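Structure incoming, see below.
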Amino acid sequence: MPFILGVDGGATKTLAVVGDDTGRILGAGLGGPTNYQIIGIEPAMSNLNSAVRGALSYAGISMDKVDCAVFGLAGADFPVDFRNLTAGIQKLYPGLKFEIVNDTWVGFRSGTEEDYGGVVIAGTGANFAAAAPDGRKVTGRGMGYEWGGEGGAGYLIRSALHYAFRSNDGTGPKSRLEQVVLSLLDFPSYDDLSLYMCEVQGQFARIYMKAEAIVPAVFQLANEGDEVCTDILMNLGHAMGDIIGRMIKSLGSWQLPQDVVMVGSLFTKGANPLLRDSFALSCHKFVPFARFKMPELEPAGGAYLMGLEKSKLPAKGEARARAIESFGQLELDVPGI
């Protein structure tokens, strides 16, 4: 019996799943981040291998039994990225038949079995992709604001810091972010925080775990009526909806009913609906019959379904339903899953 491997690797974690040729997912494993643009190729491949080995061990399957694999990886943006990642994976698994795709596409497949539509990833960072009925596809660069993208936890953190400083300085509206940000980052004053940011050139890698806590705080403060936080969520939703709406329209398929899949923690874990509502409204300006869908299983499961397709095996209907059900039955000690 052939087995299929699916991997979703991002800037925070990597999840691998392995299943059989009928849609039944048999095991899953977790590893650290695999965006090699951020951490380098060797750490990325080590983390990827940890996730894969964990999935194989869970399922009781050896690597030589894997017939095909699909790796959906953040950082697979340019031809040089695909060359570097291909070389790294070939070194890990000589002889393995595999395909590397940008992680947007495994996210898309996790939310729909349709072959055209759109997807937005809004996790640590953000990226966008869309497909037309005739097979044409466009994928965002996924590199950040300067490259035409916008969104993700990084956007919320920067916005929260911006308005927290302005609240403190009296140059903007008062917001409870002023107290919350200082408390979460554990600085005695905004002068101390400002000096620190200058010393590390504005990068928060050294205290990222603390800065990450700003994201749920923005959602919670919006729930409590903080107008600055509600505006941050609405502006972010508008920006992301505008980008994916225009991307779909550029393919000429904007008048068709189609699924737009919303992937990532900002969509799936955000405690306030304003982000999703403003996203849908902005997208509908360009794609009036868009249907907004959340993932039905983890994007790694989407990679597994793409692996079935690559192997010319059924991946829709009953096979997809079986994948969703079997993944839900796995006993995983994985935070956030």
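The values are calculated or read from the model by the stated rules, or taken from the named source; none is laboratory data. Being a predicted model, the structure only gives us computed values, none of them experimental. Methodologically, a virtual Cβ is constructed for each residue, glycine included, from the backbone with ideal geometry; neighbour enumeration extends over all protein chains shown.
Tell me the residue from E178, E199, E224 that is modelled with pLDDT under 90 and on the phi < 0 side of the Ramachandran plot, please.
Among E178, E199, E224, only E199 is modelled with pLDDT under 90 and on the phi < 0 side of the Ramachandran plot.
Do we find that S265 is in contact (Cβ under 8 Å) with a residue 40 or more places away in the chain and either more than 20 Å from the chain's Cα centre (by Cα) or closer than 13 Å to G118 by Cβ (or both) in this structure?
Answer is no for this residue.
With the range 246-324 as the region, which helices (runs of 4 or more DSSP H) entirely inside it contain at least 1 residues that are among the acidic types (D, E) and at negative phi?
Output list reads 274-284, 299-310.
Count, please, the residues in the range 169-200 that happen to be farther than 17 Å from I232 by Cα and either surrounded by 19 or more Cβ atoms within 10 Å (Cβ to Cβ) or aliphatic (A, V, I, L, M) (or both).
Going through the range 169-200 one residue at a time, the tally reaches 7.
Within the range 222-239, identify whether any single residue is touching a helix residue (DSSP H, G or I) at 6+ places or on another chain (Cβ under 9 Å), surrounded by fewer than 18 Cβ atoms within 10 Å (Cβ to Cβ) and either under 30 Å from D134 (Cα atoms) or of a type in the set (D, E, K, R) (or both), and answer yes or no.
Yes, the conditions are met somewhere in the range 222-239.
A further question on this structure: Please work out if E331 is touching a residue at least 12 places away in the same chain (Cβ under 8 Å) and more than 28 Å from S250 (Cα to Cα).
No; evaluated as a whole, the condition is false for this residue.
Related question: Output the number of the condition that G123 fails; it satisfies all remaining conditions of (1) crowded, with 24+ Cβ neighbours inside 10 Å; (2) closer than 17 Å to C283 by Cβ; (3) under 14 Å from the mean Cα position of the chain (by Cα); (4) not hydroxyl-bearing (S, T, Y).
Only one criterion is unmet by G123, namely (2).
Restricted to the range 202-221, and to residues that are surrounded by fewer than 19 Cβ atoms within 10 Å (Cβ to Cβ) and either among the basic types (K, R) or closer than 17 Å to K174 by Cα (or both), which residue is modelled with the lowest pLDDT?
Top of the filtered list is R206.
Can you pull out every residue in the range 47-76 that is more than 20 Å from the chain's Cα centre (by Cα), hydroxyl-bearing (S, T, Y) and part of a helix (DSSP H, G or I)?
S57, Y58
I would also like to ask the following. Give me a count of the residues in the range 52-77 that are free of Cβ contacts under 8 Å to residues at least 24 places away in the same chain and surrounded by 24 or more Cβ atoms within 10 Å (Cβ to Cβ).
The total comes to 0.
Given the condition more than 14 Å from M306 (Cβ to Cβ) and either assigned to a strand (DSSP E or B) or out of contact with any helix residue (DSSP H, G or I) (no Cβ under 8 Å at 6 or more places or on another chain) (or both), answer yes or no: does some residue in the range 102-117 qualify?
Scanning the range 102-117, I find at least one residue that is more than 14 Å from M306 (Cβ to Cβ) and either assigned to a strand (DSSP E or B) or out of contact with any helix residue (DSSP H, G or I) (no Cβ under 8 Å at 6 or more places or on another chain) (or both), so the answer is yes.
Taking the range 258-281, which residues are closer than 15 Å to G241 by Cα, at pLDDT below 95 and surrounded by fewer than 18 Cβ atoms within 10 Å (Cβ to Cβ)?
If the condition is that a residue be closer than 15 Å to G241 by Cα, at pLDDT below 95 and surrounded by fewer than 18 Cβ atoms within 10 Å (Cβ to Cβ), then P273 is the only one that fits.
State all residues of the range 78-97 that are in a loop (DSSP other than H, G, I, E, B), surrounded by 15 or more Cβ atoms within 10 Å (Cβ to Cβ) and of a type in the set (A, V, I, L, M, F, W, C); if no residue qualifies, say none.
L96
Six or more apart or on different chains, Cβ under 9 Å: which pairs go from a residue in the range 197-219 that's under 18 Å from G123 (Cβ atoms) to one that's at pLDDT below 85 and of a type outside the set (A, V, I, L, M, F, W, C)? Could you list them?
Pairs that qualify, where the first residue is under 18 Å from G123 (Cβ atoms) and the partner is at pLDDT below 85 and of a type outside the set (A, V, I, L, M, F, W, C), are F204/K210; E212/T124.
Please identify the pairs in which a residue from the range 34-51 that is within 20 Å of P79 (Cα to Cα) has its Cβ atom under 9 Å from the Cβ atom of a residue that is basic (K, R) and at pLDDT 95 or above, counting only partners at least 6 apart or on another chain.
M45/K91
Related question: Do you know which of the residues in the range 11-29 that are surrounded by fewer than 24 Cβ atoms within 10 Å (Cβ to Cβ) and touching a Ser or Thr at 6+ places or on another chain (Cβ under 8 Å) is nearest to G125 (Cα to Cα)?
A11
Please go through (1) assigned to a helix (DSSP H, G or I); (2) under 30 Å from I243 (Cα atoms); (3) at pLDDT 95 or above for Q37 and return the number of the only condition it doesn't satisfy.
Only one criterion is unmet by Q37, namely (3).
Name the single residue, out of those in the range 118-128 being among the β-branched types (V, I, T) and part of a strand (DSSP E or B), that is modelled with the lowest pLDDT.
Out of the qualifying residues, it is I121.
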